[in-house]
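Remarks on the structure that follows.
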Amino acid sequence: MAQSCTAERTTIRKEWGEMAPAERINYTDAVLCLSRKPPRLPTAEYPGVRSRFDDFVATHINYTLHVHYSGLFLPWHRRFTWLWEKALREECHYTGYLPYWNWPLWTSDLHKSPLFDCSETSLSGDGEYNPGEQALSGGNVTIPRGSGGGCARCGPFKDFTTHLGPFSRDLSSLTEIPSPKFDYNPQCLNRSLNNFVTSHYNNATIVSRLMASTDIVDFQTVMDHWPPRPDGVLGPHGGGHFSLGATMQDLFASPQDPAFMLHHCMIDRLWAMWQSRDEMNRRHALNGTTTILNPPWGQQVTLDTKMEFGVLDGPRRVGEVMSPTEHGLCYTYT
Ligand SMILES: [Cu+2]
């Protein structure tokens, strides 16, 4: 039985920019450390999994078709990011807690943000300019190209190699994990900072609208589909993914961008804040199924729905993660 989460024991997750330079380096060092540790997943079944870092990527790939655009999105990623924080601390000497990317602070220019300014205390920055990168128009999204499009060549992740993906962006009629599944495909970290995307989808107005959501259906709609017109199919969740480049845009393999966990930490923060403003109606509010895009035949998520985490953790009931201060979780946000 876990110790109860008292006020003194509650850990505080901070915004990247409010962490001291040494704390940020402690974080990126720990991420690099995980990328050098051996994996727990078997290489025979998972040829592309070469490190402990890749255990997290492959686990995300494994459950992608259940935990996105579904009723499991918020609960599953809450536990996933918490397991990441735990691994950094227990396996790689990280002494802090998971930082978050507070989007509206840096929408005017990602290149100048402490997250992506390419300094030694950043998460690396833009990629090299790739003249071949095109504007994106797929489905209902049309967004101009970003400013990079090639490999990140500065900052802590300048030599970082990703091993999994890339996956196609076409989500239609996916019923199983598509190729390249878990194939080994070494690539550099691709970045293409996109101020158009972040300023349209991650601004303060959208965050306020998200926090003003009247119920969980509304909250999820804003998160993934706001603004509703004319090209509002991204929402702040998709906005964070599409403002960083190809690695982060990959629905399956996006945890390979070191900014992934900070983006999802912000999503978790906003969900936690929104939940705490109306305990009665929001603490246990769920909506959706256990299948991507909530098909009519999907199974509705309840507090008793089991979530899987592969080699990272045992199965967890959704009800175990509805609060960041219960069932072994014990954190809050600045
Ligand atoms: Cu995800």
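Comparison of Phe252, Phe219, Phe242 shows that the only residue that is closer than 25 Å to Thr332 by Cβ and of a type in the set (Phe, Trp, Tyr) is Phe219. Filter the stretch 41-54 for residues that are in contact with a helix residue (DSSP H, G or I) (Cβ under 6 Å, 6 or more places away or on another chain) and closer than 16 Å to Met261 by Cβ; which is nearest to the ligand (Cβ to nearest atom)? Across the stretch 41-54, the extreme among qualifying residues is Phe53. Please work out if Ser254 is under 12 Å from the mean Cα position of the chain (by Cα) and closer than 19 Å to Glu133 by Cβ. Judged against the criteria, Ser254 is a match.
Test Thr28 against the criterion of being of a type in the set (Ser, Thr, Tyr), more than 16 Å from the ligand (Cβ to nearest atom) and in contact (Cβ under 8 Å) with a residue 60 or more places away in the chain, and give yes or no. In short, yes. Looking across the stretch 138-173, the residues that are more than 17 Å from Gly245 (Cβ to Cβ) and over 21 Å from the mean Cα position of the chain (by Cα) come down to Gly139, Asn140, Thr142, Ser172, Ser173. Collect the residues in the stretch 261-312 that are assigned to a loop (DSSP other than H, G, I, E, B) and at positive phi, keeping them in residue-number order. Within the stretch 261-312, Gly288, Leu293, Asn294 qualify. Remark: Gly310 matches the filter, which requires a residue to be closer than 30 Å to Asp159 by Cα, within 16 Å of the ligand (Cβ to nearest atom), of a type in the set (Gly, Ala, Ser) and at pLDDT 95 or above.
Quick one: in the stretch 62-86, of everything that is more than 11 Å from the ligand (Cβ to nearest atom) and in contact with a Pro (Cβ under 9 Å, 6 or more places away or on another chain), which residue is farthest from Asp250 (Cα to Cα)? Result: Trp82. Considering Thr247, Thr198, Thr291, the condition of being more than 17 Å from Arg145 (Cα to Cα), among the hydroxyl-bearing types (Ser, Thr, Tyr) and surrounded by 17 or more Cβ atoms within 10 Å (Cβ to Cβ) is satisfied by Thr291 alone.
For the stretch 100-113, the criterion of being in contact (Cβ under 8 Å) with a residue 40 or more places away in the chain, surrounded by fewer than 23 Cβ atoms within 10 Å (Cβ to Cβ), more than 12 Å from the ligand (Cβ to nearest atom) and among the aliphatic types (A, V, I, L, M) is met by at least one residue.
The values are calculated or read from the model by the stated rules, or taken from the named source; none is laboratory data. Just so it is clear, the structure is predicted and the values come from calculations on it, not from any experiment. Quick reminder, even Gly has a Cβ in these numbers, built from the backbone with ideal geometry, and neighbours come from all protein chains shown.
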